[in-house]
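In what follows, a single structure is set out as structure tokens and then discussed.
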Amino acid sequence: MKTWTAILMMIAFATATGAVAGPPDSAGTVHQLMMQPLPNMPQSDVVVITVDYPPGGTTPPHEHPGATYAYVLKGSVVSQLGDEPPRTYTEGQMWSETPHQRHMVSRNASATEPATLLVFMVAPHGQALTTMLPAK
């Protein structure tokens, strides 16, 4: 299991082997729970991670090459996809992202309480799981 000091800023599972790098402390801690090829689809991997956001934690705009599903285990998280308005998700709620959909805002909704996400990704084998986007 790898721990980073930031979630998807450089969730540089830079290769399919799970190499990772970490960004600023305010982003959060990512724990890789699993990465393995999908049965009958060896060109795709399923990746499962948790993301622990500290109070006020945030990550910069980014995108993923595959389908992404995020479930709020604890606290609340603000997410904005593309040009949609930001939405706040609370415990038990989830959202999904299509491949290469711009994730413009991802942050803990609370300045005083932590938040935790459970994230499932289905990504092309061997590709970086996160690409950072230029800030607006």
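Determine whether G28 is modelled with pLDDT under 85, more than 14 Å from A128 (Cα to Cα) and not aliphatic (A, V, I, L, M). Even if it seems obvious, please write down each step before you answer.
Details: modelled with pLDDT under 85: yes; more than 14 Å from A128 (Cα to Cα): yes; not aliphatic (A, V, I, L, M): yes.
So G28 fits the description; yes.
Starting from residues that are hydroxyl-bearing (S, T, Y), within 17 Å of S44 (Cβ to Cβ) and in a loop (DSSP other than H, G, I, E, B), keep the ones in the range 83-134 and report whichever is modelled with the lowest pLDDT.
First pass over the range 83-134, keeping only residues hydroxyl-bearing (S, T, Y): 88-90, 96, 98, 106, 110, 112, 116, 130-131.
Subset that is within 17 Å of S44 (Cβ to Cβ): 96, 98, 130.
Those left that are additionally in a loop (DSSP other than H, G, I, E, B): 98, 130.
Working: T98: 98, T130: 88.
If we take residues in the range 83-134 being hydroxyl-bearing (S, T, Y), within 17 Å of S44 (Cβ to Cβ) and in a loop (DSSP other than H, G, I, E, B), then T130 is modelled with the lowest pLDDT.
Give the number of residues within the range 108-129 that are closer than 14 Å to V77 by Cβ and crowded, with 21+ Cβ neighbours inside 10 Å.
Looking only at the range 108-129, we keep the residues that are closer than 14 Å to V77 by Cβ, and these are 108-111, 113-119.
Imposing the further condition that a residue be crowded, with 21+ Cβ neighbours inside 10 Å reduces the set to 108, 115, 117, 119.
Final tally of qualifying residues: 4.
Which one of G82, G75 is out of contact with any strand residue (DSSP E or B) (no Cβ under 6 Å at 6 or more places or on another chain) and on the phi > 0 side of the Ramachandran plot? Please lay out each step first, then the result.
Working: G75 fails: out of contact with any strand residue (DSSP E or B) (no Cβ under 6 Å at 6 or more places or on another chain).
When all the criteria are applied, what remains is G82.
Which condition breaks for L133 when tested against (1) aliphatic (A, V, I, L, M); (2) in contact with a His (Cβ under 7 Å, 6 or more places away or on another chain); (3) closer than 14 Å to V51 by Cα?
(3)
So is Q36 touching a residue at least 24 places away in the same chain (Cβ under 8 Å) and either within 20 Å of Q127 (Cα to Cα) or touching a strand residue (DSSP E or B) at 6+ places or on another chain (Cβ under 7 Å) (or both) or not? Write out each step before concluding.
Working: touching a residue at least 24 places away in the same chain (Cβ under 8 Å): no; either within 20 Å of Q127 (Cα to Cα) or touching a strand residue (DSSP E or B) at 6+ places or on another chain (Cβ under 7 Å) (or both): yes.
Here the answer is no, as Q36 does not meet what is asked.
For the range 82-101, does any single residue satisfy the condition of being surrounded by fewer than 18 Cβ atoms within 10 Å (Cβ to Cβ) and under 16 Å from G28 (Cα atoms)?
Here is the first cut: in the range 82-101, the residues surrounded by fewer than 18 Cβ atoms within 10 Å (Cβ to Cβ) are 82-88, 90-96, 98-101.
Now narrow it down to the ones that are under 16 Å from G28 (Cα atoms): none.
No, that holds for no residue.
The values are calculated or read from the model by the stated rules, or taken from the named source; none is laboratory data. Since this is a predicted model, take the numbers as computed values, not measurements. No Cβ is skipped: glycine too gets one built from the backbone with ideal geometry, and neighbour counts run over all protein chains shown.
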